[in-house]
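Here is the structure we will look at.
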Amino acid sequence: MTCDLIVLGAGPAGANAALAASEAGLKVVLFDQQPEAGGQVWRAPSPGLAVPPSPEAESGGALRARLAASAVDRRFGRTVWSVGGRFRVDAVGPAGNETVEAPRLIAATGAHERVVPFPGWTLPGVIGLAAATVLLKSHRASPGRRVVVAGCGPLLAVVAAGILKEGGTVAAIADLSGPQDWLGALPALSTQPRLLARGAGWALKIGAARVPVLFRHGVRAAEGEEALARVRLAPVDAAGAFAAGAERVLEVDGLCVGHGLVPGAEVTRLFRVEQGFDRRRGGFVPRLDEDGRTSLHGLYACGDGAGLRGAMVAEAAGRLAGLAAAHDAGALDASAFQSAAATPRAALARAHAFSDAMADMMALRPAQVAAIPPDTVICRCEDVTRAEIEAAHGDGARDMNQLKHFTRCGMGPCQGRFCGDVAAELLAAKVGSREAVGTFTARPPLRPVALADLLGAFDYSDIPIPAPAPL
């Protein structure tokens, strides 16, 4: 099948890109792995599950209604495992393999969470903050009966308030940031009064439940025999390194922990577009023009996969990328494009202060990585420890691909999405910079797929066997 534009990702960025391009007259195919549009932030509840009203549920419902009323070809529940050519997308869905080709492609592939490893972080009962939001939003399930919420950024309050709403107990919130960090961000946060009020609402719920909030604290260790039984919290300094002070030990059955997000930039890396390292934006991100074009003709990027800026920026950036694709395809002349682009450009300008402040709160802290004990597992797929990463450097590994060859770090099912950022930070501390160590080379399959799904109904007996040559 062919179309004018393929969009990967149906979160706020991708869905708005698809809608803008479709409204301009392009034939658009929109892929997403989830059964419904909305992404992480506006995730749809599981079928048949009633959810109480919230701004996120309202925004997600409105987006899904707009898509349903549009001409966008929506292909949800698909795992995109290969992207190539100019441009061909291969996906596996309920009906088997699908291939779609188009002269233009928008990558709106979102972000995945970052957890800076600590002893015990792979125990059952320890989950990421973003994973906890999936449980809470899609299933209305608390990640435990008594839970510690730890890490940095706004997801701390989101998850803690969600656990309380579902009847769980939050034993403590351990925030790497201090009160002065939040006060310093207040002028930027006040540029978006609606979002600031939303955060204040979460804080009031947490305060009313008398949840202890431990500023400048991090997780020293998670402990238990077969599953999580207790969490050790310790003071940290402004850089994220452990500082002098008493530890707190809390008996819990759940730990939700996260240290920011990492852009899901595998598709743009696959095409070797120009990219750069930006700590505020979460790591290596593609270099874009003001409308979302990458250095490769016909390839665009928007949303958190192009650099962490949050849902508000993603909506506007997605619409702008969709309009740019329509303009480049000849569906919008210059005047119509400039007129249509004015609104999302203005929205982007208004949102930058807020999104920059949030991104700064979630940026990776090098001192926190430096404090990881040597025998702590960094790559959980292949059980690669910090000591093994540093030994690989001692043996000559100087970039991420060499590290992969020496240790198998990044070769498991996640393909380095969860360990790559911290492993690169550890190697960069030895080599000199993140730019010097680079990233793992992106290769298909972009996501794990079962061989049976790829084969479909094809059977061994279907293999054509030529007749034997005459003797």
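The values are calculated or read from the model by the stated rules, or taken from the named source; none is laboratory data. Since the structure is predicted, the reported quantities are computational estimates derived from the model, not experimental observations. Note: ideal-geometry Cβ built from the backbone for every residue, glycine included; neighbour counts use all protein chains shown. For the accessible areas, the whole protein counts, side chains as well, though only heavy atoms, and no ligand, DNA or RNA atoms are used. Shrake-Rupley method; radii C 1.70, N 1.55, O 1.52, S 1.80 Å.
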Q) Tell me, how many Å apart are the Cα centres for the stretch 131-199 and for the stretch 79-127? A) 26
Q. If you line up the Cα atoms of the stretch 151-279 on their principal axes, what length do they span on each, largest first, in Å?
A. 48, 40, 33
Q: Could you calculate, for the stretch 27-145, the ratio of the Cα radius of gyration to the Kirkwood radius, expressed as Rg to Rh?
A: 1.02
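Can you give the FRET efficiency for Gln33 and Leu451, using 1/(1 + (r/R0)^6), R0 = 25 Å, r = Cβ-Cβ distance, to the nearest 0.05? Don't skip to the end; give the middle numbers.
Working: r = 18 Å, r/R0 = 0.74.
My answer for the efficiency is 0.85.
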Q) How much area per residue is accessible in the stretch 317-471 when the probe is 1.4 Å and only protein heavy atoms are counted (Å²)? A) 50
Q) Between Arg194 and Ala353, what is the label-to-label distance in nm when each label sits 7 Å out along the Cα-to-Cβ direction? A) 1.8
**Q.** J(HN,Hα) series, the stretch 442-452, from Karplus relation 6.51 cos²θ - 1.76 cosθ + 1.60, nearest Hz, glycine and proline x
**A.** 6, 9, x, x, 5, 9, x, 9, 6, 4, 4
Q. If you project the alpha carbons of the stretch 199-259 onto their three principal axes, what span does each projection cover, largest first, in Å?
A. 37, 30, 21
Q: Output ³J(HN,Hα) for the stretch 289-304: one whole-Hz value per residue in order, computed from phi by the Karplus curve 6.51 cos²θ - 1.76 cosθ + 1.60 with θ = phi - 60°, and x for Gly and Pro.
A: 7, 5, 10, x, 7, 8, 6, 9, 4, x, 10, 10, 9, 7, x, 5
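With an 8 Å Cα cut-off and a minimum separation of 6 or more residues, compute the relative contact order for the chain in percent.
Numbers: 1020 pairs, mean separation 80.6, N = 471.
Reported as a whole number, the value is 17 percent.
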Q: Quote the relative contact order of the stretch 1-129 in percent (integer), defining contacts as alpha-carbon pairs under 8 Å separated by 6+ residues.
A: 31
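Beta carbons within 10 angstrom, averaged per residue: use that to sort the peptides 95-104, 214-223, highest first.
Details: 95-104: 16.3, 214-223: 20.8.
Output ranking for 95-104, 214-223: 214-223, 95-104.
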(Q) Give the separation of the Cα centroids, the stretch 318-391 to the stretch 238-304, in Å. (A) 6
Q: Mind computing the radius of gyration and Dmax over the alpha-carbon atoms of the stretch 341-471? Å is fine for both.
A: 22.6, 80
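Count the net charge of all other residues whose Cβ sits under 12 Å from the Cβ of Ala174, scoring Lys and Arg as +1 and Asp and Glu as -1.
Details: positive: Arg216, Arg220, Arg232, Arg248; negative: Asp175, Glu247.
Here the count lands on +2.
So, with +1 on the Cβ of K and R and -1 on the Cβ of D and E, and no other charges, what is the size of the charge dipole of the chain about its Cα centre, to the nearest 20 debye? If you can, show how the numbers build up before the last one.
Details: 47 positive and 46 negative charges, 176 e Å.
Result for the chain is approximately 840 debye, rounded to the nearest 20.
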Q: Can you figure out the FRET efficiency of Thr122 with Leu471, using R₀ = 60 Å and their beta-carbon distance, to the nearest 0.05?
A: 0.45
Q.
What is the percent carbon and sulfur in the accessible area of the chain, measuring with a 1.4 Å probe over the protein chains and ignoring ligands?
A. 56
Q) Rounded, prolate or oblate: which fits the stretch 226-345, taking a ≥ b ≥ c as square roots of the Cα gyration tensor eigenvalues, rounded meaning a/c under 1.5, else prolate when a/b beats b/c? A) prolate
Q.
Under the rule of at least 5 residues apart or a separate chain, name every residue whose amide H is placed under 5 Å from the amide H of Ser82.
A. Asp90, Leu446
(Q) By the 4.7 Å beta carbon criterion, which cysteine residues of the chain come out unpaired? (A) Cys3, Cys152, Cys256, Cys302, Cys381, Cys414
Q) Around Phe284, which amide H atoms from residues at least 5 apart in sequence, or from another chain, sit under 5 Å from its own amide H, with H modelled in the peptide plane? A) Asp278
Q.
Applying a 10 Å radius around every beta-carbon, put 441-448, 401-408 in order of their mean neighbour count, most first.
A. 401-408, 441-448
Q.
With the crude spin-label approximation of a point 7 Å out along Cα→Cβ, what separation in nm comes out for Glu226 versus Lys165?
A. 3.3
Q.
Net charge around Pro344, counting only other residues with Cβ within less than 9 Å of its Cβ (Lys, Arg = +1; Asp, Glu = -1)?
A. +1
Q | Rounded to whole Hz, the Karplus (6.51, -1.76, 1.60) HN-Hα couplings of the stretch 207-223, x for glycine and proline | A | x, 5, 7, 6, 6, x, 10, 9, 6, 6, 10, x, 8, 7, 6, 10, 10
Q.
Normalised by the empirical 2.2 N^0.38 Å for globular proteins, what value does the Cα Rg of the stretch 293-381 take?
A. 1.52
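Count the net charge of all other residues whose Cβ sits under 14 Å from the Cβ of Glu223, scoring Lys and Arg as +1 and Asp and Glu as -1. Could the numbers behind the result be given before it?
Details: positive: Arg220, Arg230, Arg232, Arg248; negative: Glu225, Glu226, Glu247, Glu251, Asp253.
Once positives and negatives cancel, what remains is -1.
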Q | Val236 long-range amide H proximity, modeled H, under 5 Å | A | His217, Gly218, Ala243
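Of all beta bridges DSSP finds with both residues in the chain, what is the antiparallel percent, to the nearest 5? Before the final figure, lay out the partial values.
On the way: 32 of 64 bridges.
Counting DSSP beta bridges with both partners in the chain, the antiparallel share is about 50 percent.
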Q) Put a dot 7 Å past each Cα toward the Cβ at Ala62 and Ser46; how far apart are the dots in nm? A) 2.8
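Could you work out the relative contact order of the stretch 55-115, using alpha carbon pairs under 8 angstrom and six or more residues apart, expressed as a whole percent?
Working: 46 pairs, mean separation 11.7, N = 61.
It comes to 19 percent, rounded to a whole number.
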